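Contents: one structure, followed by commentary.
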């Protein structure tokens, strides 16, 4: 799974990425600071299962704080997008190609309206951030449409009557947009286009199909950044204009500041919480900065918004579930770690899917699985639910 962090230059996109991953990236006040994509690890929250077994977990990756497991996910911060990117303007072609493998997108916008369509600084509230939401979707749709039409003749004239064969041909020839066969099927089905032969599709069909594929393969959450310097009506106005979109107010700078202070042990702060605790004396400038964050971000919005956005992207947009490996006779691995791992799988995953997630040999040698919480045996087609603890019995090669 890969989450793309996208948006036009200077909206705080790279700051969002840095706040999520604590990777230092170049952040300057001019367009196209990010040229090569930055990749890093962010974390999503899962209620840990350790207390249900009366043990303390020892995560191999991530951490567990106050019963909340922080599970790693891959983030990619790509070059800023400007209008006309699908036609090659700015770094458009590169931007779009870098996003091909992303499963979901976090679109960072400047809620304060102090960055114009080109990513240049302007007077606060002089630019409508609603424009950015529309243009990004338009550019991705145009990019998809170009790839679809460019490759359409490669398979549209092939005479196949079976839906699965037609779908496989489509998936093979449209791999450049990063959509799988299931997503393509949903897009065609929602538009009612399976009743048409590929050769009968018209321009409107192509355009609507490009949009539906984008919605299925690249779901988007809006990170309304710089919320601390924005008017209250700005967020309300945006949500009223786009009632069907997920829009979360956030302050990437606040999150980055708190995480860096926690890293150097100046304070105790856990991502997603509305409070922090000072651990040592701070200078006047530091105190002023933290008071600003407390009053204008945490007390106003309940959190910096960054952690909430990551959680929603994985669990609401992509509908992933968290599965813990374990055993009926014990939860400790060969290195002495208790419940060391937590895996994220798509909703609807089966016991066999989980076995292959652990290792190809485990999947191929699958015999049965055990629900460790209930101690009940389950078959390979058993659909898992979030926070299951599963033991896989398999035949070793």
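The values are calculated or read from the model by the stated rules, or taken from the named source; none is laboratory data. Bear in mind that the values here come from a model prediction, so they are computed numbers and not experimental data. Every residue, glycine among them, receives a Cβ derived from its backbone with ideal geometry; neighbour counts consider all protein chains shown.
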Selection within region 294-324 - touching a strand residue (DSSP E or B) at 6+ places or on another chain (Cβ under 6 Å) and assigned to a loop (DSSP other than H, G, I, E, B): 305, 318
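Kindly indicate which of 313, 355, 369, 322 is over 30 Å from residue 262 (Cα atoms), crowded, with 21+ Cβ neighbours inside 10 Å, at pLDDT 95 or above and under 27 Å from the mean Cα position of the chain (by Cα).
Values: 313 fails: over 30 Å from residue 262 (Cα atoms); 369 fails: under 27 Å from the mean Cα position of the chain (by Cα); 322 fails: over 30 Å from residue 262 (Cα atoms).
Among 313, 355, 369, 322, only 355 is over 30 Å from residue 262 (Cα atoms), crowded, with 21+ Cβ neighbours inside 10 Å, at pLDDT 95 or above and under 27 Å from the mean Cα position of the chain (by Cα).
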Within region 325-352, how many residues turn out to be in a loop (DSSP other than H, G, I, E, B), within 21 Å of the chain's Cα centre (by Cα) and crowded, with 16+ Cβ neighbours inside 10 Å? 3
Counting just the residues of region 200-211 that are touching a residue at least 24 places away in the same chain (Cβ under 8 Å) and assigned to a helix (DSSP H, G or I), which one comes out nearest to residue 311 (Cα to Cα)? 211
Just to be sure I understand, how many residues within region 372-391 are in contact with a helix residue (DSSP H, G or I) (Cβ under 9 Å, 6 or more places away or on another chain), more than 17 Å from residue 344 (Cβ to Cβ) and surrounded by 17 or more Cβ atoms within 10 Å (Cβ to Cβ)? 3
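Table: residues versus (1) at pLDDT 95 or above; (2) buried (at least 19 other Cβ atoms within 10 Å of the Cβ).
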residue	(1), (2)
199	no, no
205	yes, no
221	yes, yes
226	yes, yes
248	yes, yes
252	yes, yes
276	yes, no
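For (1) within 20 Å of residue 140 (Cα to Cα); (2) touching a residue at least 12 places away in the same chain (Cβ under 8 Å); (3) touching a strand residue (DSSP E or B) at 6+ places or on another chain (Cβ under 7 Å), each residue gets a yes or a no:
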residue	(1), (2), (3)
166	no, yes, no
173	yes, yes, no
177	yes, yes, no
187	yes, yes, no
213	yes, yes, no
222	yes, yes, yes
